[in-house]
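**Q** Next up is a structure, given as C-alpha coordinates.
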Amino acid sequence: MKPIKTIGPRAGAKIQALCHSGTLNANAEKVLDQLFLEEEFFDPQDLTQVKYEMLRRVQKEGAAISTTASIFGVSRPSFYKAQRDFAQGGMYGLIPRRRGPRRRHKLAPEVLRFVVQIQNQEPALKTLELVKRVQGKFGIQVHRRSLERALADAKKKPHQP
(Lines give C-alpha, C1' and ligand atoms only; values in the text may rest on other atoms or scores of the structure.)
Protein backbone atom coordinates (compact mmCIF):
# COMPACT_ATOMS: atom_id res chain seq x y z
CA MET A 1 0.00 0.00 0.00
CA LYS A 2 1.26 3.48 -0.87
CA PRO A 3 1.92 5.97 1.92
CA ILE A 4 -0.52 8.84 2.27
CA LYS A 5 0.59 11.58 -0.07
CA THR A 6 0.94 15.21 0.85
CA ILE A 7 0.47 18.06 -1.57
CA GLY A 8 3.56 20.27 -1.78
CA PRO A 9 5.22 22.36 0.91
CA ARG A 10 1.92 23.63 2.30
CA ALA A 11 0.72 20.14 3.20
CA GLY A 12 1.34 20.74 6.91
CA ALA A 13 -0.84 23.84 6.84
CA LYS A 14 -3.58 21.92 5.05
CA ILE A 15 -3.47 19.11 7.61
CA GLN A 16 -3.78 21.68 10.40
CA ALA A 17 -6.70 23.35 8.64
CA LEU A 18 -8.43 19.99 8.16
CA CYS A 19 -7.88 19.14 11.85
CA HIS A 20 -9.20 22.51 12.96
CA SER A 21 -12.32 22.22 10.81
CA GLY A 22 -12.96 18.61 11.88
CA THR A 23 -12.65 17.36 8.30
CA LEU A 24 -9.40 15.40 8.59
CA ASN A 25 -10.08 11.82 7.51
CA ALA A 26 -8.80 9.62 10.33
CA ASN A 27 -8.99 6.63 7.98
CA ALA A 28 -7.24 8.17 4.98
CA GLU A 29 -5.13 5.05 4.52
CA LYS A 30 -8.31 3.05 3.82
CA VAL A 31 -9.17 5.15 0.76
CA LEU A 32 -8.14 2.89 -2.13
CA ASP A 33 -9.83 4.71 -5.00
CA GLN A 34 -7.46 5.18 -7.96
CA LEU A 35 -8.09 8.91 -8.24
CA PHE A 36 -7.09 9.44 -4.62
CA LEU A 37 -4.00 7.28 -5.04
CA GLU A 38 -2.79 8.76 -8.32
CA GLU A 39 -4.09 12.31 -8.75
CA GLU A 40 -2.67 15.17 -6.73
CA PHE A 41 -5.97 17.05 -6.66
CA PHE A 42 -7.74 14.25 -4.79
CA ASP A 43 -6.70 14.19 -1.13
CA PRO A 44 -7.68 11.10 0.94
CA GLN A 45 -7.11 13.16 4.10
CA ASP A 46 -9.93 15.56 3.17
CA LEU A 47 -13.01 13.78 4.49
CA THR A 48 -15.48 16.10 2.77
CA GLN A 49 -13.83 15.53 -0.61
CA VAL A 50 -13.77 11.77 -0.05
CA LYS A 51 -17.47 11.68 0.82
CA TYR A 52 -18.46 13.87 -2.10
CA GLU A 53 -16.49 11.85 -4.64
CA MET A 54 -17.92 8.63 -3.20
CA LEU A 55 -21.48 9.94 -3.58
CA ARG A 56 -20.75 11.26 -7.07
CA ARG A 57 -19.35 7.90 -8.12
CA VAL A 58 -22.57 6.13 -7.15
CA GLN A 59 -24.95 8.83 -8.40
CA LYS A 60 -23.33 9.75 -11.71
CA GLU A 61 -21.40 6.63 -12.66
CA GLY A 62 -23.84 4.06 -11.30
CA ALA A 63 -21.25 2.27 -9.17
CA ALA A 64 -22.47 -0.26 -6.60
CA ILE A 65 -22.87 1.20 -3.12
CA SER A 66 -21.18 -1.61 -1.17
CA THR A 67 -18.15 -1.71 -3.50
CA THR A 68 -17.82 2.07 -3.60
CA ALA A 69 -18.11 2.43 0.16
CA SER A 70 -15.38 -0.17 0.59
CA ILE A 71 -13.05 1.52 -1.91
CA PHE A 72 -13.55 4.86 -0.17
CA GLY A 73 -12.85 3.34 3.24
CA VAL A 74 -16.29 3.76 4.81
CA SER A 75 -19.04 1.42 5.90
CA ARG A 76 -22.36 1.14 4.07
CA PRO A 77 -24.21 2.85 6.94
CA SER A 78 -21.70 5.71 6.69
CA PHE A 79 -22.39 5.93 2.96
CA TYR A 80 -26.13 6.19 3.57
CA LYS A 81 -25.60 8.82 6.25
CA ALA A 82 -23.44 10.87 3.88
CA GLN A 83 -26.12 10.48 1.20
CA ARG A 84 -28.81 11.75 3.61
CA ASP A 85 -26.60 14.60 4.84
CA PHE A 86 -25.83 15.69 1.27
CA ALA A 87 -29.49 15.53 0.24
CA GLN A 88 -30.44 17.73 3.20
CA GLY A 89 -27.54 20.17 3.26
CA GLY A 90 -25.48 19.91 0.09
CA MET A 91 -21.71 20.16 0.54
CA TYR A 92 -22.21 21.78 3.94
CA GLY A 93 -24.09 18.66 5.03
CA LEU A 94 -20.96 16.56 4.43
CA ILE A 95 -18.90 18.57 6.92
CA PRO A 96 -18.82 16.76 10.27
CA ARG A 97 -20.32 18.69 13.17
CA ARG A 98 -19.54 18.45 16.82
CA ARG A 99 -22.08 16.43 18.70
CA GLY A 100 -23.68 17.40 21.96
CA PRO A 101 -24.18 20.75 23.63
CA ARG A 102 -21.91 23.60 22.55
CA ARG A 103 -21.74 25.16 26.01
CA ARG A 104 -23.09 24.70 29.48
CA HIS A 105 -26.79 24.76 28.88
CA LYS A 106 -28.10 24.00 32.35
CA LEU A 107 -25.82 26.24 34.36
CA ALA A 108 -27.30 29.57 33.38
CA PRO A 109 -25.79 32.67 35.04
CA GLU A 110 -28.63 32.87 37.59
CA VAL A 111 -28.01 29.25 38.64
CA LEU A 112 -24.30 29.91 39.05
CA ARG A 113 -24.98 33.12 41.03
CA PHE A 114 -27.27 31.14 43.32
CA VAL A 115 -24.59 28.50 43.92
CA VAL A 116 -21.87 31.10 44.58
CA GLN A 117 -24.16 32.89 47.02
CA ILE A 118 -24.79 29.65 48.93
CA GLN A 119 -21.06 28.87 48.93
CA ASN A 120 -20.31 32.30 50.38
CA GLN A 121 -22.89 31.79 53.13
CA GLU A 122 -21.91 28.18 53.86
CA PRO A 123 -18.29 27.56 52.75
CA ALA A 124 -18.13 24.03 54.23
CA LEU A 125 -21.04 22.82 52.07
CA LYS A 126 -20.22 19.82 49.84
CA THR A 127 -20.86 19.83 46.10
CA LEU A 128 -23.52 17.12 46.35
CA GLU A 129 -25.53 19.32 48.69
CA LEU A 130 -25.19 22.21 46.24
CA VAL A 131 -26.48 19.94 43.48
CA LYS A 132 -29.52 19.07 45.61
CA ARG A 133 -30.23 22.73 46.31
CA VAL A 134 -30.01 23.63 42.63
CA GLN A 135 -32.47 20.86 41.85
CA GLY A 136 -34.81 22.05 44.60
CA LYS A 137 -34.75 25.71 43.56
CA PHE A 138 -34.58 25.44 39.75
CA GLY A 139 -35.93 21.94 39.11
CA ILE A 140 -32.90 20.92 37.04
CA GLN A 141 -30.48 18.06 37.55
CA VAL A 142 -26.84 19.08 37.32
CA HIS A 143 -23.95 16.66 37.51
CA ARG A 144 -21.56 17.21 40.40
CA ARG A 145 -18.53 17.52 38.09
CA SER A 146 -20.30 20.00 35.82
CA LEU A 147 -21.00 22.21 38.81
CA GLU A 148 -17.41 21.89 40.07
CA ARG A 149 -16.01 22.84 36.64
CA ALA A 150 -18.37 25.79 36.31
CA LEU A 151 -17.36 27.08 39.73
CA ALA A 152 -13.67 26.67 38.92
CA ASP A 153 -14.15 28.53 35.63
CA ALA A 154 -16.08 31.31 37.37
CA LYS A 155 -13.16 31.81 39.78
CA LYS A 156 -10.67 31.99 36.87
CA LYS A 157 -12.58 34.58 34.83
CA PRO A 158 -12.27 38.21 35.86
CA HIS A 159 -15.47 39.82 36.97
CA GLN A 160 -17.00 42.20 34.47
CA PRO A 161 -18.68 45.40 35.70
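**Q** Reachable lysines from K156, Cα under 27 Å, same-chain residues fewer than 8 places away excluded?
**A** K106, K126, K132, K137
**Q** Given a 1.4 Å probe, how much area per residue of the range 25-161 is accessible, in Å²?
**A** Per-residue value: 69 Å².
**Q** Roughly what % of Cα-Cα distances in the range 78-140 sit above 13 Å, to the whole percent?
**A** When every Cα pair of the range 78-140 is considered, 72 percent fall beyond 13 Å.
**Q** Any idea what Rg and Dmax come out to for the chain if you just take the C-alpha atoms, in Å?
**A** 24.1, 70
**Q** I'd like the GluC sites (Glu not before Pro) in the range 24-105 restricted to DSSP loop residues with at most 14 other Cβ atoms within 10 Å, sorted by number.
**A** E39, E40
**Q** Which whole-number percent gives the relative contact order of the chain, counting Cα pairs below 8 Å spaced six or more residues apart? Spell out each step's value before the answer.
**A** On the way: 121 pairs, mean separation 24.0, N = 161.
This gives 15 percent for the chain.
**Q** Please build a GNM for the chain, connecting alpha carbons under 10 Å apart, and tell me which residue among A13, A87, A108 fluctuates the most.
**A** Of A13, A87, A108, the most mobile in the Gaussian network model is A108.
**Q** Enter the angle in degrees (range 0 to 90, nearest 10) between the Cα long axis of helix 11-21 and the first principal axis of the Cα atoms of the chain, meaning the one along which they spread out most.
**A** Roughly 50 degrees, rounded to the nearest 10.
**Q** Right, next: Carbon-plus-sulfur fraction of the accessible area of the chain, 1.4 Å probe, in percent?
**A** 54 percent
**Q** I want to verify the translational diffusion coefficient of the range 109-154 in µm²/s; compute it with Stokes-Einstein, Rh as the Kirkwood radius over Cα pairs, at 4 °C and 1.567 mPa s.
**A** It comes out at roughly 124 µm²/s.
**Q** Kindly express, to the nearest 10 degrees and within the range 0 to 90, the angle between helix 47-61's C-alpha long axis and the longest C-alpha principal axis of the chain.
**A** Value to nearest ten degrees: 40.
**Q** If you keep only loop residues by DSSP, which chymotrypsin sites (Phe, Trp or Tyr not before Pro) in the range 32-129 have at most 11 other Cβ atoms within 10 Å of their Cβ? Don't jump to the answer; show the numbers that get you there.
**A** On the way: sites: F36, F41, F42, Y52, F72, F79, Y80, F86, Y92, F114; in loops: F41, F42, F72.
The qualifying sites are F41.
**Q** If you don't mind, another one. In 10 Å bins starting at 0, how do the alpha-carbon pair distances of the range 28-101 split up by percent?
**A** Spelled out bin by bin, the range 28-101 gives 20, 55, 22, 3, 0 percent.
**Q** Can you give the FRET efficiency to the nearest 0.05 for R145 and A124, using r as the Cβ-Cβ distance and R₀ = 22 Å?
**A** Working: r = 20 Å, r/R0 = 0.90.
E between R145 and A124, to the nearest 0.05, is 0.65.
**Q** With springs only between Cα atoms under 10 Å apart, run a GNM on the chain and tell me which of L18, L47, L107 wobbles the most.
**A** L107
**Q** Using a Gaussian network model on the chain with a 10 Å cutoff between Cα atoms, which of S70, S146, S21 fluctuates the most?
**A** S146
The values are calculated or read from the model by the stated rules, or taken from the named source; none is laboratory data. Fair warning: this is a prediction, and the values are worked out from it, not measured in the lab. We place every Cβ from the backbone using ideal geometry, glycine too, and count neighbours over all the protein chains shown. Heavy atoms of the whole protein, side chains included, go into the accessibility calculation; ligands, DNA and RNA do not. Shrake-Rupley method; radii C 1.70, N 1.55, O 1.52, S 1.80 Å.
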